[in-house]
Amino acid sequence: MLNMKKQILLSLTFALALGGQAVAQTAKTYKNASAGNPISPCIFCADPTALVYDGRLYVYGSNDHQQYVANGKTGENSYGAIKSLVVFSTDDMVNWTFNGTIDVAKLCSSWGWRFADSWAPSATWRLNADGQPEFFLYFANGGGSVGVLRAASPVGPFRSPLSQPMIDGDTPGVKPCNWVFDPGVVIDDDGTGWIAFGGGDPNSQGTKLMPGNARIARLNSSMTGLDGAAVALPAPYMFEANELNMMDGRFVYTFNTSWSDRNDWSSYAGRGSFAAPSSCSMCYMVSSTPLDPASWQYRGEYVANPGSFGFGYGNNHTHLQKFGDKYYLFYHSSMLLQAMNTSDASGFRSLCVDEVTVKESAPSIGKLTMTRAGVAAIKNLNPYEQQQMETMSTSGGVNYEDFYNTASATTVSSLHNDASKNLQVKMAAGAWTMLRKVDFGSRGAQAFTLRAKGTGTLEVRLNTVSAKPAAVVEVSSSTLQEHTVSLDPAAFTGVRNLFLVCTASENMLVDEWRFTEYDASAVGSVPADAQPTAVYDLSGQRVVNGSGVRGGLVIEKVVDGSGRNAVGRKVIVR
């Protein structure tokens, strides 16, 4: 953790020479600085779900990158090595913190042979009987059952409250569902939990139009079992990707349609004026009485397959989430894989988000267009608060394997990045991260503090990754320590894009950072015998004979022999 006390900066050299050039070659990025999608520039993940807690949005997904690593970063995504879930969070919708992974295989080790994989999570939370927050993650245990995890925090530690799956083929009301997977969960206005699940090709009693695999059930009071039998949902062409939302007291069920032809659409009595949905598109239905199949009304398609927008054909899975006063649609696509322009791997997906128009009173979901631009920031990032190094909008040279959990009390998985508050980012020379909409305010920043270990150099750059360094931090420590440099406040004002660029590294791990805002009231007196060539206070004003400066930290402008040309700056503690 960063030291939150106001500090007087000690004899530190401001390592930027005026007119100096950025010398390190920066690593390539697969996500443009102006792009919002995908949300992660370096982690493959899919099948999104989300929840909002304490002003922050948490997004969970299938860990496609686990399969990517298991494949040696080649070949096709077969899903069989995906046995963990990823967690991201944000409060501004453009800068995303990677909170690590949830090792579901480890958590469900007591299941024995019953555990298979962890795909397509669905998340929710509530206050329990003691008034404490309680978080639930439901996941597809391969294609044959549904499991549940529980925690007291949105990033865990999660635990399996059961020694086996919560739902399987023998659960009342499930048969003859082909695939018991892809759960979607919601808590209604009365505090009761509900779960939808199922999928696959038409079952033994189904047709292409009505495959017969969609199910919905009420959850019991513990949220870890069913309260009664599951009921079939009459969802046309339903294939997978179940999710549930509540709007104005009504249930909204969303699902992914199949790849089959639509030749029998005219025989569907519930079609109304809606055209047949396109292949592998997302559609929705609405009901006020979810256990009554006849009550569900089909409302059409709200987003086509990612291939329709040029983002690679494949399956489709979305999550509709309200955050603040806006609705967002999370989905997956092949944007990151496309940007990598590789023929070595296929089928690895990335999480994306776009804003969507929703009318709660109808309820209705507007048609969505998938974009690389993504969504606008809903607030600026505050650099004067502690920020994790694993928070970024985009990056270059930072890979999934570079996120490390170094907490001594944590059992680290083979991927080294279980969900934790103790993640660090390993920065190689040329690696960098970027944050959007960083608001330094009008007073500016007088110091930058980096918590890191190892040996290396990190440059702070503004606006572009190739900009001249505005500050340089030298790191040399065997343990995580704070490294602080002073700044010219005039250079750190307003709203900027911030780049943290590693120009030299020897096993450098970075934990977190923060800026210190300029505070003129924290200045003391200047000794009467101090006679620098030219002195400027932290507001950038030149000081004559010490007049107007109340001491403390000042910036000395170093000039050449002529007394006219600036050749550098350094910090002096008065």
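Residues of the stretch 420-452 being among the charged types (D, E, K, R) and over 25 Å from the mean Cα position of the chain (by Cα), which ones?
Within the stretch 420-452, just Arg443 meets the criteria.
Go through (1) of a type outside the set (Ser, Thr, Tyr); (2) in contact with a Ser or Thr (Cβ under 9 Å, 6 or more places away or on another chain); (3) open to solvent by less than 60 Å² (accessible area, probe 1.4 Å) and name the single condition Arg443 misses.
(3)
Could you tell me whether Gly147 is open to solvent by less than 60 Å² (accessible area, probe 1.4 Å) and not in a strand (DSSP E or B)?
no
Looking only at the stretch 349-366, decide whether some residue is of a type outside the set (Asp, Glu), open to solvent by 60 Å² or more (accessible area, probe 1.4 Å) and touching a residue at least 60 places away in the same chain (Cβ under 8 Å).
yes
Restricting attention to the stretch 114-132, report how many residues are open to solvent by 30 Å² or more (accessible area, probe 1.4 Å) and touching a residue at least 24 places away in the same chain (Cβ under 8 Å).
6
Can you spot a residue in the stretch 402-423 that is hydroxyl-bearing (Ser, Thr, Tyr) and open to solvent by less than 10 Å² (accessible area, probe 1.4 Å)?
no
Specify which of the listed residues (Phe139, Phe135) is of a type outside the set (Ser, Thr, Tyr), in contact (Cβ under 8 Å) with a residue 24 or more places away in the chain, in contact with a Gly (Cβ under 6 Å, 6 or more places away or on another chain) and not in a loop (DSSP other than H, G, I, E, B).
Being of a type outside the set (Ser, Thr, Tyr), in contact (Cβ under 8 Å) with a residue 24 or more places away in the chain, in contact with a Gly (Cβ under 6 Å, 6 or more places away or on another chain) and not in a loop (DSSP other than H, G, I, E, B) holds for just one of Phe139, Phe135, which is Phe139.
Among the residues of the stretch 51-95, count how many are crowded, with 21+ Cβ neighbours inside 10 Å, over 19 Å from Ala140 (Cβ atoms) and of a type in the set (A, V, I, L, M, F, W, C).
Result for the stretch 51-95: 4.
Among the residues of the stretch 467-493, which ones are touching a Gly at 6+ places or on another chain (Cβ under 8 Å) and assigned to a loop (DSSP other than H, G, I, E, B)?
Result: Lys468, Pro469, Leu487, Asp488, Phe492, Thr493.
Looking only at the stretch 200-212, decide whether some residue is of a type in the set (Ser, Thr, Tyr) and open to solvent by 50 Å² or more (accessible area, probe 1.4 Å).
yes
If you go through the stretch 207-248, how many residues are part of a loop (DSSP other than H, G, I, E, B), within 30 Å of Arg262 (Cβ to Cβ) and not hydroxyl-bearing (Ser, Thr, Tyr)?
Qualifying residue count, the stretch 207-248: 12.
Working carefully through the options Ala269, Ala229, find the one that is in contact (Cβ under 8 Å) with a residue 12 or more places away in the chain and small (Gly, Ala, Ser).
Step by step, each of Ala269, Ala229 is checked, and only Ala229 is in contact (Cβ under 8 Å) with a residue 12 or more places away in the chain and small (Gly, Ala, Ser).
Rundown of residues vs (1) under 27 Å from Phe330 (Cα atoms); (2) assigned to a loop (DSSP other than H, G, I, E, B), yes/no style:
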site	(1), (2)
Gly173	no, yes
Cys177	yes, yes
Val186	yes, no
Asn203	no, yes
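Identify, please: which residue in the stretch 371-390 is open to solvent by less than 30 Å² (accessible area, probe 1.4 Å) and not β-branched (Val, Ile, Thr) and is, among those, nearest to Leu480 (Cα to Cα)?
Here the residue is Met389.
Quick one: is Ser287 open to solvent by 50 Å² or more (accessible area, probe 1.4 Å) and among the small types (Gly, Ala, Ser)?
Considered against the rule, which asks whether it is open to solvent by 50 Å² or more (accessible area, probe 1.4 Å) and among the small types (Gly, Ala, Ser), Ser287 comes out as no.
Taking Ala196 and the conditions (1) of a type outside the set (Val, Ile, Thr); (2) more than 29 Å from the chain's Cα centre (by Cα); (3) crowded, with 22+ Cβ neighbours inside 10 Å, which numbered condition does it fall short on, given that it satisfies the others?
(2)
Taking the stretch 438-466 on its own, how many of its residues are among the hydrophobic types (A, V, I, L, M, F, W, C) and not in a strand (DSSP E or B)?
Of the residues in the stretch 438-466, 2 are among the hydrophobic types (A, V, I, L, M, F, W, C) and not in a strand (DSSP E or B).
Counting only residues that are modelled with pLDDT of 95 or more, give me the strands (runs of 3 or more DSSP E) lying completely in the stretch 309-407 with at least 3 of them.
Filter on the stretch 309-407 gives 318-323, 326-333, 350-356, 394-396.
What's the total number of residues in the stretch 453-483 that are in contact (Cβ under 8 Å) with a residue 60 or more places away in the chain and more than 21 Å from Asn507 (Cβ to Cβ)?
Number satisfying all stated conditions: 9.
In this structure, does Pro293 turn out to be open to solvent by less than 40 Å² (accessible area, probe 1.4 Å), in contact (Cβ under 8 Å) with a residue 24 or more places away in the chain and not acidic (Asp, Glu)?
no
Please work out which one of (1) crowded, with 22+ Cβ neighbours inside 10 Å; (2) touching a helix residue (DSSP H, G or I) at 6+ places or on another chain (Cβ under 9 Å) is the condition Arg215 fails and give its number.
Unmet condition: (2).
Just for strands (runs of 3 or more DSSP E) wholly inside the stretch 32-132: which have at least 1 residues that are small (Gly, Ala, Ser) and more than 26 Å from Gly198 (Cβ to Cβ)?
By residue number, 85-90, 96-102.
Would you confirm whether or not the stretch 242-253 contains a residue that is open to solvent by 10 Å² or more (accessible area, probe 1.4 Å) and of a type in the set (S, T, N, Q)?
So far as the stretch 242-253 goes, yes, one or more of its residues are open to solvent by 10 Å² or more (accessible area, probe 1.4 Å) and of a type in the set (S, T, N, Q).
Go over the candidates Phe330, Phe274, Phe239, Phe323 one by one and state the one that is open to solvent by less than 10 Å² (accessible area, probe 1.4 Å), in contact with a strand residue (DSSP E or B) (Cβ under 6 Å, 6 or more places away or on another chain) and among the aromatic types (Phe, Trp, Tyr).
Phe330
The values are calculated or read from the model by the stated rules, or taken from the named source; none is laboratory data. As the structure is a prediction and not an experimental result, all values here were calculated from the model. Neighbour counts run over all protein chains shown; Cβ positions are idealised from the backbone, glycine included. To get the accessible areas, we keep the full protein, side chains included, count just its heavy atoms, and leave off ligands, DNA and RNA. Shrake-Rupley method; radii C 1.70, N 1.55, O 1.52, S 1.80 Å.
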